[in-house]
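Peer 1: Got a structure for you, written out below as structure tokens; questions coming shortly.
The values are calculated or read from the model by the stated rules, or taken from the named source; none is laboratory data. Keep in mind that this is a model prediction, so the values were computed, not measured. Positions of Cβ are generated from backbone atoms using ideal geometry, with glycine treated the same way; all protein chains shown enter the neighbour counts.
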Amino acid sequence: MKSWADDARQKGLRIGFVPTMGYFHEGHLALMRRAKELADQVVVSIFVNPIQFGPQEDFRQYPRDLERDIRLAQEVGVDVIFTPEAQEMYPESFQTYVEVAKLTKPLCGARRPGHFRGVTTVCLKLFNIVRPHLAVFGLKDYQQYLVIRRMVADLDLDLEIIGHPIVREADGLAMSSRNVYLSTEERKSATCLYKALCLAQEKIKQGLREVSLLKRELEQFILSHPYTRIDYVEFCHPETLEPLSEVRGPTLLALAVFVGKARLIDNAVLKP
Ligand code: AMP
């Protein structure tokens, strides 16, 4: 991978990169198409990164289908698919981690200890191996996008980070590899995340500004759907992720909800 990247750079080609955990859906493919538009050569990595999963999380069950992924990526025109093994990424002697201090504290960082340390560490390693000029990340993982941007700026990485809008199913459910965990009945309930984002935007348009009241309404709405359990419903500053008590300017509404055993996340930047 490294010698291919050196070679491409020597030829003056711009390398676009899309890091993924595989099991592709339209969201992944949209990121790849965006990278194709912006770069001469597109590299996609498929790596289910063990160090970003907690001990009770779904690392083992995480869906995998490399053959299908390769076919879909080829159809989009991806040039290189990079599929390292956990053993080569993390040999026995491995002991260095990267951590973004503040942005990783709230939201998913609070609920998944060590998750973002795993994400930043693997992304920095992948950036050093693939040597991209730009990398495309989905805004579905909004906090991840901010954390990666912070790391790139703080560590002076010579790389542009592009955020791509959330790709949704026809009924609004954000596409996710984890949606395969949903039963038919749970799949119906799963639309409550997107509906809650729309409900919040509607309430704000009507003049509701108080976050405590908005939260109560949204929590009731989500829990009125069977199989749901709320992990968090948070209103925060869209750049710093600091919690807000009132909606005055653009506000990130971030949701994490268990539907059955699937932990789903979604978000929107709401405007008063
Ligand atoms: P994953 O394979 O889930 O780690 O995701 C790989 C990349 O695809 C990340 O940058 C995600 O944010 C992005 N992504 C996943 N789902 C979506 C979606 N529904 N819309 C846009 N980007 C997404």
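Peer 1: Looking only at region 1-27, count every residue that is assigned to a helix (DSSP H, G or I) and either touching a helix residue (DSSP H, G or I) at 6+ places or on another chain (Cβ under 8 Å) or of a type in the set (Phe, Trp, Tyr) (or both) and tell me the total.
Peer 2: At the first step, the residues of region 1-27 found to be assigned to a helix (DSSP H, G or I) are 2-10, 26-27.
Then keep just the ones that are either touching a helix residue (DSSP H, G or I) at 6+ places or on another chain (Cβ under 8 Å) or of a type in the set (Phe, Trp, Tyr) (or both); that gives 2, 4-5, 27.
Adding up the residues that qualify gives 4.
Peer 1: How many residues are surrounded by 20 or more Cβ atoms within 10 Å (Cβ to Cβ) and more than 9 Å from the ligand (Cβ to nearest atom) when one looks only at region 1-33?
Peer 2: Selection size over region 1-33: 6.
Peer 1: Name the pairs whose Cβ atoms lie under 9 Å apart, with the first residue in region 185-203 and more than 18 Å from Lys271 (Cβ to Cβ), the second of a type in the set (Lys, Arg), and 6 or more positions between them or separate chains?
Peer 2: Between residues of region 185-203 that are more than 18 Å from Lys271 (Cβ to Cβ) and residues that are of a type in the set (Lys, Arg), the close pairs are Glu186/Lys261.
Peer 1: So Ala110 passes all but one of these: (1) more than 10 Å from the ligand (Cβ to nearest atom); (2) within 12 Å of the chain's Cα centre (by Cα); (3) of a type in the set (A, V, I, L, M). Which condition number does it fail?
Peer 2: (2)
Peer 1: I would also like to ask the following. Please specify each residue of region 236-272 satisfying the condition of being under 16 Å from the mean Cα position of the chain (by Cα), among the aliphatic types (A, V, I, L, M) and assigned to a strand (DSSP E or B).
Peer 2: Answer for region 236-272, where residues must be under 16 Å from the mean Cα position of the chain (by Cα), among the aliphatic types (A, V, I, L, M) and assigned to a strand (DSSP E or B): Leu252, Leu253, Ala254, Leu255, Ala256, Val257, Ala262, Leu264, Ile265, Ala268, Val269.
Peer 1: I'd like to know if region 132-150 contains one or more residues that are surrounded by fewer than 13 Cβ atoms within 10 Å (Cβ to Cβ), of a type outside the set (Val, Ile, Thr) and within 16 Å of the ligand (Cβ to nearest atom).
Peer 2: No, the conditions are met nowhere in region 132-150.
Peer 1: Right, something else. Going by what's in this entry, would Leu159 be described as within 19 Å of Glu242 (Cβ to Cβ), in the same structural domain as Tyr97 (by TED's automatic domain parsing) and more than 10 Å from the ligand (Cβ to nearest atom)?
Peer 2: No.
Peer 1: Kindly indicate whether any position in region 207-226 is modelled with pLDDT of 95 or more and on the phi > 0 side of the Ramachandran plot. Full working, then the answer.
Peer 2: Keep residues of region 207-226 that are modelled with pLDDT of 95 or more, which gives 207-226.
Narrowing further to those that are on the phi > 0 side of the Ramachandran plot: 207.
Yes: one or more hits.
Peer 1: Could you pull out the residue among Arg216, Arg178 that is assigned to a helix (DSSP H, G or I) and crowded, with 17+ Cβ neighbours inside 10 Å?
Peer 2: Working: Arg216 fails: crowded, with 17+ Cβ neighbours inside 10 Å.
The match here is Arg178.
Peer 1: When the residues of region 34-47 are narrowed to those that are part of a loop (DSSP other than H, G, I, E, B) and touching a Phe, Trp or Tyr at 6+ places or on another chain (Cβ under 9 Å), which ends up surrounded by the most Cβ atoms within 10 Å (Cβ to Cβ)? Give the steps one after another, and end with the answer.
Peer 2: Here is the first cut: in region 34-47, the ones part of a loop (DSSP other than H, G, I, E, B) are 39-40, 47.
With the extra rule that they be touching a Phe, Trp or Tyr at 6+ places or on another chain (Cβ under 9 Å), the set shrinks to 39, 47.
Working: Ala39: 22, Phe47: 18.
The qualifying residue surrounded by the most Cβ atoms within 10 Å (Cβ to Cβ) is Ala39.
Peer 1: Which condition does Val233 not pass, out of (1) surrounded by fewer than 19 Cβ atoms within 10 Å (Cβ to Cβ); (2) part of a strand (DSSP E or B), if it passes all the others?
Peer 2: Unmet condition: (1).
Peer 1: Same structure again: Within region 188-195, identify whether any single residue is crowded, with 18+ Cβ neighbours inside 10 Å, closer than 20 Å to Gly109 by Cβ and more than 10 Å from the ligand (Cβ to nearest atom), and answer yes or no.
Peer 2: Checking region 188-195: at least one residue is crowded, with 18+ Cβ neighbours inside 10 Å, closer than 20 Å to Gly109 by Cβ and more than 10 Å from the ligand (Cβ to nearest atom).
Residues are listed down the side, and each one gets a yes or a no for (1) surrounded by 18 or more Cβ atoms within 10 Å (Cβ to Cβ); (2) among the aliphatic types (A, V, I, L, M); (3) farther than 30 Å from Arg9 by Cβ; (4) away from the ligand (no atom under 16 Å from the Cβ):
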residue	(1), (2), (3), (4)
Ala101	no, yes, yes, yes
Lys105	no, no, yes, yes
His115	yes, no, yes, no
Gly118	yes, no, no, no
Lys125	yes, no, no, no
Val130	yes, yes, no, no
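Peer 1: Still on this model: When the residues of region 163-180 are filtered to those that are charged (D, E, K, R) and over 17 Å from Met21 (Cα atoms), which remaining residue is nearest to the ligand (Cβ to nearest atom)?
Peer 2: Among those residues, the one meeting the criterion is Arg168.
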